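Each remark here refers to the structure printed beneath this line.
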Amino acid sequence: MASAKVFIVDQEYKANYKVLLTDQSYKEKNAQLIAGGALVNQEYQANVKVFIVDQEYKADIIIMRKNFPK
């Protein structure tokens, strides 16, 4: 699979996935979906749109900050 082109949206309903950033590797869940990807500047360039959440139970993906696309 090609690496993900990730765009952070400002509204939850626009997102493909809800993401929580963590510092503990044991908490990661489904991180492989976006790990190693790249952030893009425009929504139309993305093949994955994410919304950042602040609660673990809301997240589809939990990824370490250092593994989040840059």
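Nothing in this text is a laboratory measurement; each read-out follows from the coordinates by a stated rule. Keep in mind the model is a prediction, meaning the values are calculated, not measured. Positions of Cβ are backbone-derived with ideal geometry, glycine not excepted, and every protein chain shown enters the neighbour counts.
Nothing charged except the Cβ atoms of Lys and Arg (+1) and of Asp and Glu (-1): what's the magnitude of the dipole of region 5-67 about its Cα centre? Round to the nearest 20 debye. Before the final figure, lay out the partial values.
Values: 9 positive and 8 negative charges, 31 e Å.
Computed about the Cα centre, the dipole is about 140 debye.
Shape analysis of the chain based on the Cα gyration tensor places the equivalent ellipsoid semi-axes at 18, 14, 9 Å, largest first.
Counting charges near Val50 (Lys, Arg +1; Asp, Glu -1) among other residues having Cβ under 13 Å from its Cβ returns a value of +1.
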